[in-house]
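Novice: Let me give you the structure first, and then I'll get to my questions.
The values are calculated or read from the model by the stated rules, or taken from the named source; none is laboratory data. Just so we're clear, the structure is a prediction, and the values are computed from it rather than from any experiment. Methodologically, a virtual Cβ is constructed for each residue, glycine included, from the backbone with ideal geometry; neighbour enumeration extends over all protein chains shown. Heads up: the accessible areas ignore ligands, DNA and RNA and are worked out on the full protein's heavy atoms, side chains in. Shrake-Rupley method; radii C 1.70, N 1.55, O 1.52, S 1.80 Å.
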Amino acid sequence: MPAPLKSFASVDRFLAEIASPTTLRPGYVLLGDEAFLYQRCRQGVLAELAPPETRDFSLHDLDLADTSIFDILDRAQTPSLMAPFQVLFVRNLKLLYGRGSKKEEFAAIDAYFRRPNPQALLLFVADHLRIPTDLRRMDYQDRERYDRIRDTLADHCGFVELARVSEDDAIRWAIASAESRSIRIDPDAARELADALGADMMSVAGELEKLCLYVEGKDHITLGDVETMVLAAKQRSLYELTDAISQRDRTRALLLLHGLLHASDGGEDAAIGHLYMLARTFRQMLIILENNVRDSRAIWAVLWQGFRMPPFAAEDLIRQARRYKSRAALTRALRLIAKADLELRSSPANKLLVLERLILALATEPTQPAYTPTHQFAMEL
């Protein structure tokens with residue numbers, strides 16, 4: 001039996017609780033913006049408590065921006081004639097913690113949970129928080145918000161932490177998920193899948209689904225399959241971006257960056273995955289330059305399996321690499337990318353701004369002012 005995934009532990013406990021009437025609590029707070037884990041919670045709740053035949057009458061998706069907490073609590077307290085159980089998802093929990101003391105609102109919440117409707121479940125969604133894999137590294141502002149929610153709701157509700165999934169757990173999930181469909185995915189293929197997508201679980205799950213369909217009949221996903229189906233599609237746009245960067249075309253590079261983000265399922269939230277691909281491409285160019293590669297036939301001798309670009313990109317990458325006159329120029333680019341990666345992982349207020357500044361710096365001659373992150377870093381590439 002495979003070991004449990006640490007990143008899924010809070011969600012697994014929640015799903016176990018809602019499956020039993022003796023452990024089900026009257027309310028829960030879903031804390032964090034990890035969409036994949038949120039969907040896992042939601043699907044588990046619907047399967048257990050809002051079956052399809054009664055869902056139209058038992059499921060309520062509410063928003064504190066449109067409905068007051070008083071009306072929501074009144075709806076939760078009122079028995080339904082059409083369904084035996086009520087499930088209420090309440091979004092925009094952050095509005096309860098805005099300006100003002102909200103004494104009346106929290107008094108109403110306290111009153112409800114002192115005598116909750118046993119045939120209703122309240123689920124408060126706090127997706128304005130970003131919870132890292134390691135809770136000790138939570139951003140100060142998110143920690144402050146987290147503590148305030150816990151101070152006011154922990155006596156009444158269970159807490160489910162939807163933290164970012166670690167890369168190791170993303171890899172193990174991909175292997176187990178493929179096995180559940182009688183498909184074997186090689187460990188290096190699973191690692192490449194997680195690495196390429198920055199362990200963004202919504203993207204990993206979506207791309208794994210495509211891979212399973214792609215290998216139907218063969219029932220075996222290899223590293224080559226991942227490179228063909230996942231990396232090639234992403235790298236076509238990425239190679240256009242690095243082409244603009246290597247030509248110092250700042251305007252075109254910014255337009256291509258925005259196009260890449262717009263086309264991505266995760267948008268700005270997939271930024272770390274884009275940076276991984278960008279760093280990978282510059283490392284490939286560095287090796288090409290160091291080995292004086294001049295044609296695509298020689299490229300496969302210097303780039304090892306698992307670190308090769310799709311065949312369509314070989315000539316383009318050689319041309320781009322030769323625009324850099326020294327190893328120092330490419331190592332400078334890799335340092336800039338590493339610093340931007342660290343800045344993104346420290347939960348900046350604006351991810352797009354971090355990416356834009358990086359692209360402008362990469363497309364600027366080294367003699368001009370370079371990209372300077374807003375934080376100090378102790379480690380460089």
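Novice: May I ask you to list the residues in the stretch 205-231 that are aliphatic (A, V, I, L, M) and exposed (fewer than 14 other Cβ atoms within 10 Å of the Cβ)?
Specialist: Here is the first cut: in the stretch 205-231, the residues aliphatic (A, V, I, L, M) are 205, 208, 211, 213, 215, 221, 223, 226, 229-231.
Hit for the stretch 205-231 is Leu213, nothing else.
Novice: So which residues in the stretch 7-30 are assigned to a helix (DSSP H, G or I) and modelled with pLDDT of 90 or more, if there are any at all? Walk me through it before giving the result.
Specialist: Initial filter on the stretch 7-30 (assigned to a helix (DSSP H, G or I)): 7-18.
Across the stretch 7-30, the qualifying residues are Phe8, Ala9, Ser10, Val11, Asp12, Arg13, Phe14, Leu15, Ala16, Glu17, Ile18.
Quick grid of which residues meet (1) out of contact with any helix residue (DSSP H, G or I) (no Cβ under 9 Å at 6 or more places or on another chain); (2) open to solvent by less than 40 Å² (accessible area, probe 1.4 Å); (3) within 24 Å of Val11 (Cβ to Cβ); (4) of a type in the set (Asp, Glu):
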{"site": "Arg150", "(1), (2), (3), (4)": "yes, no, yes, no"}
{"site": "Asp155", "(1), (2), (3), (4)": "no, no, yes, yes"}
{"site": "Ala178", "(1), (2), (3), (4)": "no, yes, yes, no"}
{"site": "Ser182", "(1), (2), (3), (4)": "yes, no, no, no"}
{"site": "Ser203", "(1), (2), (3), (4)": "no, yes, yes, no"}
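Novice: Output the qualifying pairs, or none if there are none: Cβ atoms under 6 angstrom, residues six or more apart or on different chains, first residue in the stretch 185-203 and in contact (Cβ under 8 Å) with a residue 12 or more places away in the chain, second residue assigned to a loop (DSSP other than H, G, I, E, B) and buried (at least 22 other Cβ atoms within 10 Å of the Cβ).
Specialist: Matching pairs, first to second residue: Ala199/Val165; Met201/Val165; Ser203/Leu197.
Novice: Scan the stretch 53-60 and give yes if some residue there is aliphatic (A, V, I, L, M) and open to solvent by less than 30 Å² (accessible area, probe 1.4 Å), otherwise no. Explain how you work it out, then say what you get.
Specialist: Narrowing the stretch 53-60 to residues aliphatic (A, V, I, L, M): 59.
If we keep only those that are open to solvent by less than 30 Å² (accessible area, probe 1.4 Å) too, we end up with none.
The answer is no, given that none of the residues of the stretch 53-60 is aliphatic (A, V, I, L, M) and open to solvent by less than 30 Å² (accessible area, probe 1.4 Å).
Novice: Tell me whether the stretch 310-321 contains one or more residues that are at pLDDT below 90, under 30 Å from Phe36 (Cα atoms) and assigned to a loop (DSSP other than H, G, I, E, B). Quick ask: steps written out before the conclusion?
Specialist: Narrowing the stretch 310-321 to residues at pLDDT below 90: 310-317.
Pick out the ones that are also under 30 Å from Phe36 (Cα atoms) and you get 310.
Those still in the list that are assigned to a loop (DSSP other than H, G, I, E, B) too: 310.
There is at least one residue in the stretch 310-321 that is at pLDDT below 90, under 30 Å from Phe36 (Cα atoms) and assigned to a loop (DSSP other than H, G, I, E, B).
Novice: Considering only residues that are in a helix (DSSP H, G or I), modelled with pLDDT under 90 and hydrophobic (A, V, I, L, M, F, W, C), which ones fall in the stretch 186-204?
Specialist: Correct list: Leu193, Ala194, Ala196, Met201, Met202, Val204.
Novice: Please go through the stretch 341-355 and give me each residue that is in contact with a Leu (Cβ under 8 Å, 6 or more places away or on another chain), buried (at least 16 other Cβ atoms within 10 Å of the Cβ) and not β-branched (Val, Ile, Thr), ordered by number.
Specialist: First pass over the stretch 341-355, keeping only residues in contact with a Leu (Cβ under 8 Å, 6 or more places away or on another chain): 341, 344, 351-352, 354-355.
Subset that is buried (at least 16 other Cβ atoms within 10 Å of the Cβ): 341, 344, 351, 354-355.
Scanning the stretch 341-355 gives Asp341, Leu344, Lys351, Leu355.
Novice: Given Leu123, Leu135, which one is under 30 Å from Thr22 (Cα atoms) and free of Cβ contacts under 8 Å to residues at least 60 places away in the same chain? Lay out the reasoning, then the answer.
Specialist: Working: Leu123 fails: free of Cβ contacts under 8 Å to residues at least 60 places away in the same chain.
After applying the criteria, what remains is Leu135.
Novice: Here is a follow-up. Just to verify a result, which residue in the stretch 157-176, among those that are in contact with a strand residue (DSSP E or B) (Cβ under 9 Å, 6 or more places away or on another chain) and assigned to a helix (DSSP H, G or I), is surrounded by the fewest Cβ atoms within 10 Å (Cβ to Cβ)? Break it down into steps so the answer makes sense when it comes.
Specialist: Step one: of the stretch 157-176, the residues in contact with a strand residue (DSSP E or B) (Cβ under 9 Å, 6 or more places away or on another chain) are 157-163, 174-175.
Still in the running and assigned to a helix (DSSP H, G or I): 174-175.
On the way: Ala174: 25, Ile175: 22.
Checked the stretch 157-176; the qualifying residue surrounded by the fewest Cβ atoms within 10 Å (Cβ to Cβ) is Ile175.
Novice: If a residue has to be buried (at least 18 other Cβ atoms within 10 Å of the Cβ), under 24 Å from the mean Cα position of the chain (by Cα) and either over 21 Å from Pro348 (Cβ atoms) or modelled with pLDDT under 85 (or both) to count, how many in the stretch 243-271 make the cut?
Specialist: 8
Novice: Among the residues of the stretch 320-342, how many are polar (S, T, N, Q) and out of contact with any Asp or Glu (no Cβ under 7 Å at 6 or more places or on another chain)?
Specialist: Of all residues in the stretch 320-342, those polar (S, T, N, Q) come to 320, 326, 331.
Next, from what is left, pick out any that are out of contact with any Asp or Glu (no Cβ under 7 Å at 6 or more places or on another chain): 326, 331.
Residues flagged as polar (S, T, N, Q) and out of contact with any Asp or Glu (no Cβ under 7 Å at 6 or more places or on another chain) within the stretch 320-342 amount to 2.
Novice: Scanning for something under 23 Å from the mean Cα position of the chain (by Cα), in contact (Cβ under 8 Å) with a residue 24 or more places away in the chain and open to solvent by 60 Å² or more (accessible area, probe 1.4 Å), does the stretch 82-103 turn up at least one residue? Even if it seems obvious, please write down each step before you answer.
Specialist: From the stretch 82-103, those under 23 Å from the mean Cα position of the chain (by Cα) are 89-94; that's our starting set.
If we keep only those that are in contact (Cβ under 8 Å) with a residue 24 or more places away in the chain too, we end up with 89-94.
So of that shortlist, the ones also open to solvent by 60 Å² or more (accessible area, probe 1.4 Å) come out as 91, 94.
Yes; the residues of the stretch 82-103 include at least one that is under 23 Å from the mean Cα position of the chain (by Cα), in contact (Cβ under 8 Å) with a residue 24 or more places away in the chain and open to solvent by 60 Å² or more (accessible area, probe 1.4 Å).
Novice: Is it the case that the stretch 95-115 has a residue that's under 27 Å from Leu37 (Cα atoms), modelled with pLDDT of 95 or more and part of a strand (DSSP E or B)?
Specialist: Looking for residues that are under 27 Å from Leu37 (Cα atoms), modelled with pLDDT of 95 or more and part of a strand (DSSP E or B), one finds none in the stretch 95-115, hence no.
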